[in-house]
Structures are given as C-alpha cells and as structure tokens.
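Just below is one structure, and these are the notes that go with it.
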Amino acid sequence: MSTKTVNAPEKQHDSMFEAVLARLDVAAKIFGLNDNVGQVLRNPEKMVRVSLPIMMDNGKVQVFDGYRTVHSTVLGPSKGGIRYAMDVNSDEVNALAAWMTFKCAVANLPYGGGKGGIKCDPKKMSVGELERLTKAYAASMVDVFGVNKDIPAPDMGTGKREMAWLLTTYNKMVGEDSPGMVTGKPITLGGSRGREAATGRGVMVATIEAMKKTGMDRKSATAAVQGFGNVGLHAVRLLASKGIKILAISDHTGAYWNEKGFDVEAAMKFAQGNGGVLKGFTGGTEINNTELLTSKVDVLVPAAIQNVINEEVAAKVQAKLIIEGANGPTTAGADKILNDKGIVVVPDILANGGGVTVSYFEWVQNKYGHYWSEDEVNAKADASMEKAFDAVWYNSQQHKTNMRIGAYITALRKLEKGINYRGFY
Ligand code: GLU
C-alpha cells in the first residue's frame with residue numbers, strides 16, 4: 001500500500017506512529033488491503049490536546065500537556081489506556097491508539113482503539129497533585145469519554161486510583177453514575193475481579209501457547225522478564241507457577257540474574273517492602289538491561305517500555321521466543337533481524353491483549369450490573385487468548401509470514417469488512 005495521505009499526522013524522524021504504519025504497510029501488501037481502507041486506518045479519527053494548569057503543592061501553577069487520540073471506532077467505541085510519563089507526546093499517543101485498534105480486533109472485542117496521556121513524572125508528584133491533575137484531565141475530556149464512546153483504562157504510570165478519580169469527575173460532570181466509562185477501576189467502584197493481573201496472565205497464556213506450537217518443553221524452559229510493574233510482575237509470578245524457571249528479572253532501578261532460577265515469592269516480597277522496586281535485591285547478581293535482553297534463556301518477555309529491542313540488541317538476542325508484554329518493545333528494524341534468526345515473536349497486539357480483554361469483561365459487567373467471580377473471569381480470558389493466538393498463528397502460516405504480520409492481517413480482515421459495511425460519505 002503506497003497511498004499518500006492528506007490528513008496523516010506529519011512524518012517525524014523516529015516516529016512511533018510511522019513505525020506502526022510501516023508494519024501496517026507490510027501486512028496490507030501481503031493481505032491485499034483495499035487502498036481506501038488503508039487510507040482510513042492511516043489517519044486517527046480524532047486527536048485532542050489540552051493544557052492542564054495545576055496548582056502544585058509549592059503554591060505555583062504548572063501547566064501540563066494532556067492528550068487523547070481516538071484512532072478508530074469502526075468496530076465499536078474506542079478503548080485504551082491513559083499513560084503518565086515524561087515522553088508522552090502526540091506521536092506516541094497516536095501510535096499507541098492505533099495499536100489499540102489492532103489489539104482489540106485481534107482479541108475479538110467489539111471495540112475500536114484509543115489512547116491518552118499526560119506528559120508528567122508521576123514519581124515526582126504528590127498524591128494531591130496527581131489527583132488534581134487527573135481530575136483536570138477528566139474534566140477536559142468529558143466530551144471525548146463515554147461508556148459507548150471512548151473508554152479509558154490504566155496504562156504506564158496509572159492504575160485503579162487514577163481510574164477512580166477519572167470516574168468521580170466524569171460522573172459529577174454528566175450528573176449520573178456511569179461506571180462503564182472507565183475500566184481498571186477499584187472493585188468497590190465496579191472494577192472486575194482479575195483485571196489487575198489480566199495482562200500478565202495473558203502473557204503467560206500466550207507463552208504456553210507459543211511453546212506448544214513451537215514444541216518447546218515447558219518443564220525445562222527458562223525465561224527472562226524485563227519489567228516488574230503490573231505486567232511484568234504478574235507475568236513472572238504466573239510463568240513461574242507453570243514451572244518455567246525465571247533466570248532474569250528487572251525494573252527501572254536494576255536488573256538481576258540468577259542461574260538457578262529466582263525465588264519469585266521472595267522477589268515480590270522484597271519489592272513490596274522496598275517501595276515497590278527491586279533496587280538492592282540480593283537474590284541474584286546485578287546485570288544491565290542489555291545483558292537481560294540478550295541473556296541465554298528460552299523465552300524473553302519485554303514487559304517494560306517501548307523500543308528496547310533495537311537492531312543492535314536484536315543481533316545478540318539468544319532467546320527462541322519473545323513474548324511482547326509491553327507495547328512496541330521491538331523496533332521495526334529489529335523485526336527483520338529477529339525474523340532472519342528464526343526467533344518467534346508473539347507481538348504486543350496479541351500478547352498483551354489480556355488486559356483489554358478483561359477491561360471488556362469489566363464493561364460488560366458494568367452494563368449488566370452483575371459481577372463474576374475471579375475464576376469465571378480468568379477462564380473466559382484464557383479461552384479468549386487461546387482463540388486469538390490460534391487465529392494469528394493460522395493467518396501467519398497461511399500467508400507464510402511472522403506472527404506480527406499475521407496479527408495485523410487478523411485485524412485487517414475485520415477492519416476492512418467493518419469499514420466497507422459502514423461505507424463512506
Ligand atoms: N493500557 C492497556 C493496553 O495497552 C489496557 C487498555 C484497556 O484496558 O483499555 O492494552
């Protein structure tokens with residue numbers, strides 16, 4: 001697909017959105033995507049940018065940049081998280097929103113894709129400052145969000161606390177309780193059981209499925225997991241519960257290696273009593289992040305931030321399987337190297353879809369006002385991931401391509417149909 005676009009966001013050097021389009025182009029060509037449909041998908045439907053003046057604890061006002069992009073509502077209301085980080089910008093938010101479109105389509109959810117963010121460093125802000133910032137953001141986005149319109153959720157730097165603030169402000173402004181306008185809420189406010197661990201759980205299920213397909217023996221398998229946040233921590237815990245030896249773990253404060261396999265419970269307890277971080281952990285030897293990513297393990301799970309597996313790292317990766325817990329951990333350039341090395345990459349838009357799948361279950365429960373047990377949620381989520389995995393595997397085999405492009409093709413099949421049924425003005 002080589003169509004020039006009129007409204008596409010401006011091309012940027014090292015643009016994440018361009019990296020999404022690069023993968024889309026490859027899949028579109030293999031799939032034979034209709035050019036009109038390609039045009040639609042290359043342009044986010046809506047991009048909102050707001051300025052948020054916040055009274056900081058020191059008595060001075062600081063103005064923060066807030067974003068929300070609705071990439072597509074073809075398959076349903078847009079769905080996607082809100083990120084608090086210093087590198088948040090419109091290009092990144094557009095890319096993440098587009099990924100959500102493809103992720104929701106791959107996971108078979110009746111959703112389009114969206115994403116939001118605020119450029120801030122939540123670690124350097126007080127709880128009061130974060131509450132005011134989140135509520136200001138919710139107030140600015142009240143016309144964008146809505147239970148059947150655009151449904152936010154947690155992402156990097158946000159969690160159930162921020163979702164509760166969002167919901168409270170939104171409810172006040174619209175004058176009614178609308179719990180389904182946000183997912184990843186505290187259970188007390190209508191959140192779903194199983195939501196917090198859902199992304200990590202999906203990563204575990206995707207790993208097991210990939211092992212089955214590639215004939216890897218689970219009982220003797222070893223893994224390295226980058227990231228010990230909401231995704232990484234539960235991935236580590238659940239992979240270990242399946243008998244997979246975890247030889248490397250890390251968070252933003254440090255990476256650790258243990259030849260014999262980590263005592264995962266001990267690592268979790270340590271972080272819990274250490275401000276949530278692994279800094280100073282003595283259960284393994286300290287290594288650096290590149291050493292973790294290129295360590296001698298069977299399975300590598302990047303579950304932290306984007307662009308960590310670049311061409312240089314890809315050339316040195318020793319794992320046979322990569323399961324992308326984070327969004328966009330592999331650069332477009334690294335894809336080719338990993339492919340040529342025969343490494344199977346289970347792409348982000350499949351591997352980390354467990355979170356948004358349980359977000360969907362949360363939304364359904366909110367709509368019905370009837371709540372499920374954790375076992376029910378987990379069973380439905382596991383079945384959904386297995387089904388999505390099979391569809392992607394099938395499409396990649398059919399088109400003799402890798403799983404990333406197979407995942408895009410899986411999504412494009414649905415999106416092309418949806419766009420054509422809806423028609424054009
Ligand atoms: N932020 C998560 C993601 O990237 C979850 C999105 C959601 O639950 O809506 O998949």
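Given a Förster distance of 41 angstrom, what is the FRET efficiency for Thr253 paired with Ala379, based on the Cβ-Cβ distance and rounded to 0.05?
Working: r = 36 Å, r/R0 = 0.87.
Once the sixth-power term is evaluated, E becomes 0.70.
Out of all DSSP beta bridges in the stretch 208-341, what portion is antiparallel? Express it as a percent rounded to 5. Before the final figure, lay out the partial values.
Details: 7 of 19 bridges.
Given both bridge residues lie in the stretch 208-341, the antiparallel proportion sits at roughly 35 percent.
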Express the relative contact order of the chain as a whole percentage, based on alpha carbon pairs under 8 Å and six or more residues apart in sequence.
16 percent
Using the crude model of +1 on Lys and Arg Cβ and -1 on Asp and Glu Cβ, and no other charge, please compute the dipole size for the chain relative to its Cα centre, in debye to 20.
580 debye
Checked the chain against the a/c 1.5 cut and the a/b vs b/c comparison, axes a ≥ b ≥ c from its Cα gyration tensor; verdict rounded
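Can you give me the % of accessible surface on the stretch 38-177 that is carbon or sulfur? Probe 1.4 Å, all protein chains present, nothing else counted.
Details: 2680 of 5090 Å².
Using a 1.4 Å probe with all protein chains present, the stretch 38-177 comes out at 53 percent carbon and sulfur.
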Residue separation times 0.36 nm, minus the C-alpha to C-alpha distance between Asp340 and Gln398: what's the value?
19.0 nm
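Looking at the stretch 61-138, send over the antiparallel percent of its DSSP beta bridges, to the nearest 5. Kindly include the intermediate steps, with their values, before the conclusion.
Details: 6 of 12 bridges.
Given both bridge residues lie in the stretch 61-138, the antiparallel proportion sits at roughly 50 percent.
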Cleavage-rule hits (trypsin sites (Lys or Arg not before Pro)) in the stretch 202-300: DSSP loop, at most 12 neighbouring Cβ within 10 angstrom
Lys260, Lys296
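With a ≥ b ≥ c the root eigenvalues of the C-alpha gyration tensor of the stretch 211-318, is it rounded (a/c under 1.5), prolate (a/b larger than b/c) or oblate?
Numbers: a/c = 1.68, a/b = 1.18, b/c = 1.43.
Because a/c hits 1.5 or more and a/b fails to exceed b/c, the stretch 211-318 counts as oblate.
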Of Val88, Thr73, Ala240, which is farthest on the positive side of the dipole of the chain, counting Cα position, with +1 on Lys and Arg Cβ, -1 on Asp and Glu Cβ, and the Cα centre as origin?
Thr73
The set of residues whose placed amide H lies less than 5 Å from the amide H of Gly328, leaving out same-chain residues fewer than 5 positions away, is Asp348
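Treating the beta-carbon of each Lys and Arg as +1 and of each Asp and Glu as -1, no other charges, what is the dipole magnitude of the stretch 306-384 about its Cα centre, to the nearest 20 debye? It would help to have the intermediate numbers written out before the result.
Numbers: 6 positive and 11 negative charges, 38 e Å.
So the dipole magnitude of the stretch 306-384 works out to roughly 180 debye.
Pairs to check: Lys213/Lys296; Lys123/Lys260; Lys212/Lys417; Lys185/Lys260. Give those whose C-alpha atoms are more than 29 Å from each other in this structure. Let's see the in-between values first.
Values: Lys213/Lys296 21 Å; Lys123/Lys260 33 Å; Lys212/Lys417 31 Å; Lys185/Lys260 38 Å.
Beyond 29 Å: Lys123/Lys260; Lys212/Lys417; Lys185/Lys260.
So if R0 is 30 Å, what FRET efficiency would Lys219 and Thr282 give, r being the distance between their Cβ atoms, rounded to the nearest 0.05?
On the way: r = 28 Å, r/R0 = 0.93.
E between Lys219 and Thr282, to the nearest 0.05, is 0.60.
Return the FRET efficiency for the residue pair Glu311, Glu176: r is the Cβ-Cβ distance, R0 is 60 Å, and the value is rounded to the nearest 0.05. Could the numbers behind the result be given before it?
Values: r = 52 Å, r/R0 = 0.86.
It comes to 0.70.
Nearest-5 percent of antiparallel DSSP beta bridges in the chain? Don't jump to the answer; show the numbers that get you there.
Numbers: 24 of 50 bridges.
About 50 percent, rounded to the nearest 5.
The values are calculated or read from the model by the stated rules, or taken from the named source; none is laboratory data. Bear in mind that the values here come from a model prediction, so they are computed numbers and not experimental data. Positions of Cβ are backbone-derived with ideal geometry, glycine not excepted, and every protein chain shown enters the neighbour counts. SASA here: full protein model, heavy atoms, side chains in, ligands and nucleic acids out. Shrake-Rupley method; radii C 1.70, N 1.55, O 1.52, S 1.80 Å.
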